[in-house]
Structures are given as C-alpha cells and as structure tokens.
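For reference, the structure is listed below as structure tokens.
Just so it is clear, none of the values below were taken in a lab; they were calculated from the coordinates. Quick caveat, the model's predicted, so the values are computed rather than measured. Quick reminder, even Gly has a Cβ in these numbers, built from the backbone with ideal geometry, and neighbours come from all protein chains shown.
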Amino acid sequence: MYLVSPTLTNDYANTMFRRERMHDGWLDICASYLQHTFGDSLQGAKVIDYGCGRGDWALAFLRAGAKHVLAVDAAIDNVRRLHDYCQQHEIDGIDIVHGDLLSQNIASDNLDIVWLYRVLHHISRPSALLQALRHLAPGKTAQFYIYGYDAGSLRQFTVDTARQLYPRPNEDAFRLESVPLTRDARRRARNDLTAPHIDWYNAMEFAELLSGAGLEPVAHAPGLDAFIQGHCNQEFQPHQALCRSVPAEGAILWSEPARSYTDDLAVLSAMAREVNFVLTDQPTRMQAALGLMNTHFTHLGSGISCSTAIFELFLYLLHVLDVHGGLEQAEGLAYDFVELAEAALSDTARAHLAAASHPSKLAQTLCNNTIRL
C-alpha cells in the first residue's frame, strides 16, 4: 500500500496500533458517523475499507447496516489483529485481506461504497490507487469517501518541520524517545513522524487527483471531529470528499478551507529554517522535533482558532535559537521577528522595527504585549 518494504509498513502499523484497543462505545460512535454520512444507502451495502488499520471502521460499517465489508491492509499485524478480534467476537460479514492494490489484484464483487480514510496521503502513487479502487466499484451509484491531508495547514508546518529534523524512527526507538511527549502530542507523533510517506494536497491538487481517477466530489463529508465536537479546528481541515463516478449529478467545485493564519505561517517557516540551519547533531534535532510537537498539540485548545498554538510555536522556535546560539545568525524575516521579540522581551519601543508592520497576528501580538521565555 505504501510502496515501501513490508517491514517498514508493519513497523509503522505497530507504532500506531499495538496499544490501541477497540471497544463498543467507540465503534458505536463510528457507526453513527457512517449513518450520518451515507444515510439509507448504507443498508445492505457492499463496502471496501482499504487500509483498514486495526479494523474499527470495517466493524462500524457492519454495525451501521452494511451487508458485507472487504477489509484490506498491507500490514500483516493489522490483518492478524482484526482477524483475531472477529474470531473472538464471532463476527461474520468481513473478509480480511493482507494485500496491496498497487502490486496485486484483489477480487471483489461490484462494491457500493469505497472507504479510503486517512490513507491517501501515505500513498506515493495515489492516482493509481484511486483508479484501482474505481474498478472495484464501477456502478454509477457507487460512493467513494476520499480523505486527504490539507496543504497550507498549521499541522503541515509542524509535521513537515519535525520530520525534517527527526528522520523516521523505528517503533522501538520511537517508544523510548517519545517518553517526554504529552499524550496528544505522542498520538499525533506516532501517526505523522513515523509514517514512511506523507503528501499534502491543496484544493486544486485534490480535485485533479479525483478527476484523473474518474471521480467527482458531490459533497463535503462531515469530519469525524466536527461530528463529535460540533466544530472543527482551523489547525487541520483535511479534504473529505464524498464522490461519485464522472459525470456525477450534483458535482461541486472543491475549495480551500477557510484559514486566517497564512501570514503567521510565513513567519514560523522563516524561524524553522533558522532552527534547521543551526542544529547540526542528530540528538539535538530529534529533541527539537519532539519539543515542536509537544508545543503544537499542548496549546491547540478545543476552539476553532489556533492562535495560541501559533504564538507558542513561535516562542518555542525563538527559545531553540536562543539556547543554541542562533539568534545572532538569523536572516531576513526571521531576523526581523527576532528583533521584534527582543523588544517585546524588554518592553521597549517597537513601532519603528521592520516586523512591526508585518500583516501577521504574530506581529500584532509582539507589538502589543511583553513576553517571557
């Protein structure tokens, strides 16, 4: 599935799922989400859950009314876990396959629903995968739920920066090195820092990917987090498209999610470049990457805005540069904001500084407040 060695694929799966346990309460929530998303069309449906992981969605489809689920995963331990769970709980209606559509044929009757949840961004040949899935569900009424990471998000900044600092560890190394992380940061880090491959898509790239596979979005699927919490956070708004075959009645244009922090990301990116330049030994780079994840996910909060996380990420990068002697070496936009931050630390005049006129909220905050490191 990921076009990497089976060992790496299985190692990644174990990093994510070895300590995860399925329970009825969670499966009921997932089943409710599926019923909300697919409505009556789910009753008696034949479904493929591709990249099924530990199998919670495959099980939830059965609970929600599907007749049969084909659960496919490239990691043998995922397949074993789901197989053992189904045997232990005497669950019928799920065929579990260890496989990869990009390297083998997977036999199936014409399917009604294709579920590709949190998988596409890990595929190095996404177009080929979508086309293969399209062939498994050739009917005009078939529905495709396609999920992809959103480019330009705050999460992309943090994950990409951390992955550059901290090359993909194996499971044993990550379990030891992630001990200082908070629970939220650890759960995200094991998903995104240990993944062999991650792609991020802007709206145009995502729409073109669907179109190239003969699919068109007909609805923005509700996100699971928004379904549970009642709102989404601007920090991460993945593409979640309910699609049909081309031509699709009621097709919609795919657009970027609303964000208010593009200018702030420019500042964070400039600071991150300086950090990447000044940190040269691997232990220190790993430490900075995990610290970045901790800072991000500790300060997200439960609201829609992620302004607190953005500000704390800036202060964290400033701290790293301070500790490792990088403040004096900063250039360009990073230099301007280091200068503004120094003035905010000492509560001296700032209006005349170059960064004071920058359009970011970070500039406004540093101009109007004192800070402490």
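Here are the numbers for this structure:
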| read-out | value |
| --- | --- |
| The chain: mean projected area of Cα convex hull, nm² | 19.0 nm² |
| Proximal lysines relative to Lys46, as straight alpha-carbon distance under 16 Å, when same-chain residues fewer than 8 apart are discounted | Lys67, Lys140 |
| Sequence of Met16, Met204 once ranked by neighbouring C-beta atoms within 10 Å, starting from the fewest | Met204, Met16 |
| The chain, dipole about Cα centre (Lys/Arg Cβ +1, Asp/Glu Cβ -1), debye to the nearest 20 | 480 debye |
| Length-normalised contact order of the chain in % [C-alpha pairs under 8 Å, at least 6 apart] | 14 percent |
| Cα gyration tensor of region 262-368 - equivalent ellipsoid semi-axes, whole Å, descending | 21, 19, 11 |
| Relative contact order of region 110-228, pairs being alpha-carbon contacts under 8 Å that are 6 or more residues apart, as % | 35 percent |
| Region 262-368, dipole about Cα centre (Lys/Arg Cβ +1, Asp/Glu Cβ -1), debye to the nearest 20 | 280 debye |
| In nm, spacing of pseudo-spin labels at His98 and Arg175 (7 Å Cα→C-beta vector) | 2.0 nm |
| Backbone N within region 22-48 under 16 Å of label point (7 Å from Lys67 Cα along the Cβ vector) | 40-48 |
| Extent along principal axes [Cα atoms of region 199-243; Å; largest to smallest] | 34, 20, 12 |
| Per-residue [θ]222 nm for the chain (sum of -39500 (n - 2.57) over DSSP H runs n ≥ 4, rounded to 500) | -15000 deg cm²/dmol |
| In nm, spacing of pseudo-spin labels at His135 and Thr348 (7 Å Cα→C-beta vector) | 6.8 nm |
| Dipole axis of the chain (+1 Lys, Arg; -1 Asp, Glu on Cβ), positive-most option in Gln104, Ile146, Ala343 | Gln104 |
| Förster radius 22 Å - calculated FRET efficiency between Arg163 and Arg19, Cβ distance, rounded to 0.05 | 0.50 |
| Sequence-separation-based contact order of region 262-368, relative, with Cα cut under 8 Å and 6+ spacing, percent | 31 percent |
